[in-house]
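Beneath this line is the structure, given in structure tokens, with notes to follow.
The values are calculated or read from the model by the stated rules, or taken from the named source; none is laboratory data. All of these numbers come straight from a predicted model, not from anything done at the bench. Glycine also receives a Cβ, built like all others from the backbone with ideal geometry; neighbour counts cover every protein chain displayed.
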Amino acid sequence: MRNPGRGPSSRKILFVYEDDSIIVVEKPVGLPVIPPEGSRSASLLDLVTSHVQRRNPKGRAAVVHRLDRDTSGIMVFARDGRAKKALMDNWDALVFERGYVALAEGVPDGDEGVFEDFLLENQAGQVYVASPQARGSLRALTRWKLLSSSSSGGKGSGGAQPFCLFSLSLETGRKHQIRVQLSSRGYPVAGDARYGARSDPLGRLCLHAAILGLEHPFTGERFSFESPAPDEFYALASPRRRPNPR
């Protein structure tokens with residue numbers, strides 16, 4: 001698992017790559033992919049469509065996967081209906097890598113491992129860990145690596161709230177997969193009150209889509225798109241120095 005690097009946070013949309021079929025952007029935090037129902041607020045889809053219409057006034061971008069409004073990072077859009085169908089019909093086969101960086105509360109005991117669970121969504125849209133035998137539950141597999149932490153202790157460390165930085169590689173793509181799996185183990189993503197976070201140090205959900213490996217649906221060319229995680233994530237998960245005893 002690679003370290004996806006680090007970089008500045010930004011609310012600007014950066015167009016990472018585009019051709020006649022796909023457009024890859026860096027999604028800023030706080031911008032929904034599509035407008036909420038009944039809302040006329042700006043969305044990432046609207047902005048990417050405006051970009052498409054500079055070349056083709058009748059064109060419209062199409063959504064082929066989602067990120068939560070408060071998750072930042074790499075996203076792919078289709079440039080037309082043909083590309084949308086090709087991507088959506090073969091998404092799991094075309095995407096060969098999905099990497100995230102998460103700033104989480106607490107510090108795990110180990111340095112790397114695998115989260116394997118079965119997840120279920122209730123009628124309120126809340127996802128939770130369920131029994132493998134539960135009707136409708138879906139297997140979720142995530143490989144993780146600890147990048148840094150602000151404390152050498154585990155869950156029970158005293159003093160200031162400890163944070164850690166996870167690099168996470170998705171083997172499956174379930175709704176809220178990372179958020180639920182970290183929360184269920186006592187390490188909720190910072191700023192994620194929905195799944196048990198007690199802190200909100202950056203005024204956002206501290207989850208970033210850092211890497212997307214994609215095989216082009218028509219040419220077969222393999223791309224690895226990367227977006228550095230915000231520097232603020234690293235700053236909060238940096239080891240804290242203790243004062244020298246007198």
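Numerical summary
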read-out: From VAL129, VAL107, VAL114, residue being hydrophobic (A, V, I, L, M, F, W, C), more than 30 Å from SER21 (Cβ to Cβ) and part of a loop (DSSP other than H, G, I, E, B); value: VAL107
read-out: Residue in region 26-48 that is over 23 Å from ARG204 (Cβ atoms) and touching a Lys or Arg at 6+ places or on another chain (Cβ under 6 Å) present; value: no
read-out: Within region 181-190, tally of residues that are crowded, with 21+ Cβ neighbours inside 10 Å and assigned to a loop (DSSP other than H, G, I, E, B); value: 3
read-out: Failed item in (1) surrounded by 16 or more Cβ atoms within 10 Å (Cβ to Cβ); (2) in contact with an Asp or Glu (Cβ under 9 Å, 6 or more places away or on another chain), with VAL114 passing the rest; value: (1)
read-out: Failed criterion for SER50 (all others in (1) touching a residue at least 40 places away in the same chain (Cβ under 8 Å); (2) of a type in the set (S, T, N, Q); (3) surrounded by fewer than 19 Cβ atoms within 10 Å (Cβ to Cβ) hold); value: (1)
read-out: Breaking point among (1) of a type in the set (D, E, K, R); (2) more than 19 Å from SER167 (Cβ to Cβ); (3) touching a residue at least 24 places away in the same chain (Cβ under 8 Å), for ARG185; value: (2)
read-out: Candidates VAL52, VAL25, VAL33, VAL48, filtered to the one that is farther than 23 Å from ILE211 by Cα and either of a type in the set (Phe, Trp, Tyr) or touching a strand residue (DSSP E or B) at 6+ places or on another chain (Cβ under 8 Å) (or both); value: VAL52
read-out: Flag for ALA193 being free of Cβ contacts under 8 Å to residues at least 60 places away in the same chain, small (Gly, Ala, Ser) and surrounded by fewer than 22 Cβ atoms within 10 Å (Cβ to Cβ); value: yes
read-out: Which numbered condition SER199 misses (of (1) under 22 Å from ALA209 (Cβ atoms); (2) of a type outside the set (Asp, Glu); (3) touching a residue at least 40 places away in the same chain (Cβ under 8 Å); (4) touching a Ser or Thr at 6+ places or on another chain (Cβ under 9 Å)); value: (4)
read-out: Within region 66-91, tally of residues that are among the small types (Gly, Ala, Ser) and surrounded by fewer than 18 Cβ atoms within 10 Å (Cβ to Cβ); value: 1
read-out: Residues of region 64-86 classified as closer than 18 Å to PHE96 by Cα, touching a Leu at 6+ places or on another chain (Cβ under 9 Å) and part of a loop (DSSP other than H, G, I, E, B), total; value: 3
read-out: Where a residue in region 115-144 is in contact (Cβ under 8 Å) with a residue 24 or more places away in the chain and its partner, wherever it lies, is in a loop (DSSP other than H, G, I, E, B) and among the hydrophobic types (A, V, I, L, M, F, W, C), with Cβ under 9 Å and at least six apart; value: ARG143/MET1; TRP144/MET1
read-out: Selection from region 162-180 of residues that are closer than 18 Å to PHE233 by Cβ and either modelled with pLDDT under 95 or of a type outside the set (A, V, I, L, M) (or both); value: PRO162, PHE163, CYS164, PHE166, SER167, SER169, ARG179
read-out: Residue in region 207-219 that is assigned by TED's automatic domain parsing to the domain that holds THR142 and either over 29 Å from MET88 (Cα atoms) or among the aromatic types (Phe, Trp, Tyr) (or both) present; value: yes
